[in-house]
Amino acid sequence: MLLAFLRADLVERWHWLSEGQLLDAIAVGQFTPGPVFTTATFIGYILGEPRERSSQRWDISSRVHLCGVEWSFHTANSPSETAGAFLDAVNASSLALMAVVTWQLGHSAVVDVTSLVLAVASAIVLFRFRVNSAWIVLGGALLGLA
């Protein structure tokens with residue numbers, strides 16, 4: 001869901017990042033520990049100003065904390081039926097947002113036959129063999145260098 005907000009605001013609304021830069025930020029975040037903070041720091045680095053780096057990082061951090069509040073509220077001992085139904089709808093909406101953003105980012109990342117083959121091979125390795133995504137990113141980087 002966070003990617004949907006990042007794409008909507010940083011790419012489409014304010015045009016601060018391109019689709020490629022957002023994909024790079026996501027890849028860097030997946031490759032390192034603490035993916036949300038690393039992605040936020042990388043985006044701040046792209047934007048250029050030290051204060052923007054820290055404010056972007058804290059903005060993303062606050063969104064993560066809101067997700068944690070939602071989770072703890074949803075898993076409380078006796079949530080009301082209305083609150084539970086509302087949070088189920090929020091979760092369904094979040095899944096739909098993630099699916100749309102994944103499709104849009106995938107569409108901008110797959111630009112030729114080579115990138116299509118890499119995407120399909122990566123998906124197979126990820127889902128069939130359960131390989132850590134960091135190894136997939138590293139393998140893609142090595143293939144890109146070759």
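The values are calculated or read from the model by the stated rules, or taken from the named source; none is laboratory data. Computed from a prediction, not measured in an experiment: that's the story for all the values here. Side chains are part of the model used for accessible areas, which takes the heavy atoms of the whole protein and leaves out ligands, DNA and RNA. Shrake-Rupley method; radii C 1.70, N 1.55, O 1.52, S 1.80 Å.
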Along the range 97-107, what does the Karplus equation 6.51 cos²θ - 1.76 cosθ + 1.60 (θ = phi - 60°) give for ³J(HN,Hα), rounded to whole Hz, x for Gly and Pro?
4, 4, 5, 5, 5, 4, 4, 5, 5, x, 4
Keeping all protein chains in the complex and leaving out DNA, RNA and ligands, what accessible area do you get for V111 with a 1.4 Å probe, in Å² to the nearest 10?
110
Scalar couplings 3J(HN,Hα) for the range 32-37 by Karplus 6.51 cos²θ - 1.76 cosθ + 1.60 (θ = phi - 60°), nearest whole Hz, x for Gly and Pro, are 10, x, x, x, 5, 5
Just to verify a number: what accessible area does F86 come out at with the full protein assembly present, 1.4 Å probe, Å² rounded to tens?
130
Report ³J(HN,Hα) in whole Hz for each residue of the range 6-23, in order, from the Karplus equation J = 6.51 cos²θ - 1.76 cosθ + 1.60 where θ = phi - 60°; Gly and Pro get x.
4, 5, 4, 7, 6, 9, 7, 7, 9, 6, 7, 10, 8, 4, x, 5, 5, 4
